[in-house]
Amino acid sequence: QFDRVSFDLIYARQDQTLSEWRAELTEALAMAVDHLSLYQLTIEPGTAFGTRHAAGGLKGLPADDLAVDMYELTQDLCDLAGMPAYEVSNHAKPGNESRHNLIYWRHGDYIGIGPGAHGRLTLSDTRFATEAYAMPNAWLPRAAKGLTERLRNAIPTREQAGEYLMMGLRISEGVDLARYSALAGNPPSSEAIEHLKDLGMIEVTPTHLRATRQGRMVLNSVIGALLPD
């Protein structure tokens, strides 16, 4: 028996109906101990699915309205089960959020270990992006020598601000405005904030900026509106 259990599900799959997803998620919630990752299937350019979709494959994907209904149903059922979304695709009982993944979303430091792994490290007040050799036959002989990094590049603070905004808006606690402003050199655009607030996409407290439930459905657009040109 394990004290902490999590599993992943993908919805908005080919030919999946809303009632089928309701039944699947209801069963998952009955089995879940404390954490669920629930990802809506998206088709991205440059992926195998993207290429197949562009060629006319992947029939039966849900229309946008159905995908939105599935997202809303996901939030409603998880809220009722006491497992609200603490991140766009992750749900947990309070206190059972993924401590590992929160490091990424809170713009913390992490070491990339293994072929192709990426990391973010702060050394002597400078934050670096690291990347290991991707091919195992290139990585393995270097591992014994501690030389698996293919690159280590300093990240400009303005670029760090963009990373922090993109990751921080994924989680329910949002972005610390003082921390963002220190990295960016300026606070987020007040015009953009007011516009997004009027649309119901974000909410702002004296210390934090966070996406609303509605805003998380179109998070890429929200982030794009807030990022400086």
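The values are calculated or read from the model by the stated rules, or taken from the named source; none is laboratory data. Just so we're clear, the structure is a prediction, and the values are computed from it rather than from any experiment. Glycine also receives a Cβ, built like all others from the backbone with ideal geometry; neighbour counts cover every protein chain displayed. Ligands, DNA and RNA are excluded from the accessible area calculation, which covers all protein heavy atoms including side chains. Shrake-Rupley method; radii C 1.70, N 1.55, O 1.52, S 1.80 Å.
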Examine the stretch 128-146 for a residue that is surrounded by 12 or more Cβ atoms within 10 Å (Cβ to Cβ), polar (S, T, N, Q), at pLDDT 95 or above and in contact with a Phe, Trp or Tyr (Cβ under 9 Å, 6 or more places away or on another chain), and state whether such a residue exists.
no
With criteria (1) surrounded by 17 or more Cβ atoms within 10 Å (Cβ to Cβ); (2) more than 22 Å from Q40 (Cβ to Cβ); (3) touching a Phe, Trp or Tyr at 6+ places or on another chain (Cβ under 6 Å), I193 comes up short on (3)
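Could you run through the stretch 114-127 and say how many residues are aliphatic (A, V, I, L, M) and surrounded by 11 or more Cβ atoms within 10 Å (Cβ to Cβ)?
Of the residues in the stretch 114-127, 2 are aliphatic (A, V, I, L, M) and surrounded by 11 or more Cβ atoms within 10 Å (Cβ to Cβ).
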Scanning the stretch 1-43 residue by residue, those under 18 Å from G82 (Cα atoms), surrounded by fewer than 13 Cβ atoms within 10 Å (Cβ to Cβ), of a type in the set (A, V, I, L, M, F, W, C) and out of contact with any Ser or Thr (no Cβ under 9 Å at 6 or more places or on another chain) turn out to be A23, A30, M31
Residue hits (the stretch 1-59; part of a strand (DSSP E or B) and either of a type outside the set (G, A, S) or modelled with pLDDT of 95 or more (or both)) are F7, D8, L9, I10, Y11, H35, L36, S37, L38, Y39, Q40
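Residue under question is A67, and the condition is that it be open to solvent by less than 70 Å² (accessible area, probe 1.4 Å), in contact (Cβ under 8 Å) with a residue 24 or more places away in the chain and touching a helix residue (DSSP H, G or I) at 6+ places or on another chain (Cβ under 6 Å); does it hold? I'd like the intermediate steps shown before the answer.
Values: open to solvent by less than 70 Å² (accessible area, probe 1.4 Å): yes; in contact (Cβ under 8 Å) with a residue 24 or more places away in the chain: yes; touching a helix residue (DSSP H, G or I) at 6+ places or on another chain (Cβ under 6 Å): no.
No.
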Taking the stretch 147-166 and the residues there that are exposed (fewer than 14 other Cβ atoms within 10 Å of the Cβ) and hydrophobic (A, V, I, L, M, F, W, C), the one that is farthest from the chain's Cα centre (by Cα) would be L147
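Would you tally the residues in the stretch 114-151 being of a type outside the set (G, A, S) and more than 30 Å from A225 (Cα to Cα)? Walk me through how you get there before you give the answer.
We begin by selecting, within the stretch 114-151, every residue of a type outside the set (G, A, S); these are 115, 118, 120-123, 125-128, 130-131, 133, 135-137, 139-142, 145, 147-151.
After this cut, where a residue has to be more than 30 Å from A225 (Cα to Cα) as well, the list is 115, 123, 133, 135-137, 139-142, 145, 147-151.
Number satisfying all stated conditions: 16.
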Inside the stretch 80-124, the number of residues satisfying the requirement of being under 21 Å from V175 (Cβ atoms) and not in a loop (DSSP other than H, G, I, E, B) is 16
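Residues checked against (1) without any contact (Cβ under 8 Å) to a residue 60 or more places away in the chain; (2) under 22 Å from the mean Cα position of the chain (by Cα); (3) farther than 24 Å from M166 by Cα:
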{"site": "L36", "(1), (2), (3)": "yes, yes, no"}
{"site": "L41", "(1), (2), (3)": "yes, yes, no"}
{"site": "A48", "(1), (2), (3)": "yes, yes, yes"}
{"site": "A63", "(1), (2), (3)": "yes, no, yes"}
{"site": "Y71", "(1), (2), (3)": "no, yes, no"}
{"site": "T74", "(1), (2), (3)": "no, yes, no"}
{"site": "L80", "(1), (2), (3)": "yes, no, yes"}
{"site": "V88", "(1), (2), (3)": "no, yes, no"}
{"site": "P94", "(1), (2), (3)": "yes, yes, no"}
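Give the stretch 128-152 a look and list any residue that's out of contact with any Ser or Thr (no Cβ under 8 Å at 6 or more places or on another chain) and not hydrophobic (A, V, I, L, M, F, W, C), or say none.
Here is the first cut: in the stretch 128-152, the ones out of contact with any Ser or Thr (no Cβ under 8 Å at 6 or more places or on another chain) are 129-131, 134-138, 140-141, 143-148, 150.
Across the stretch 128-152, the qualifying residues are T130, E131, P136, N137, P141, K145, G146, T148, R150.
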Within the stretch 1-21, residues within 23 Å of the chain's Cα centre (by Cα) and of a type outside the set (S, T, N, Q) come out as R4, V5, F7, D8, L9, I10, Y11, A12, R13, W21
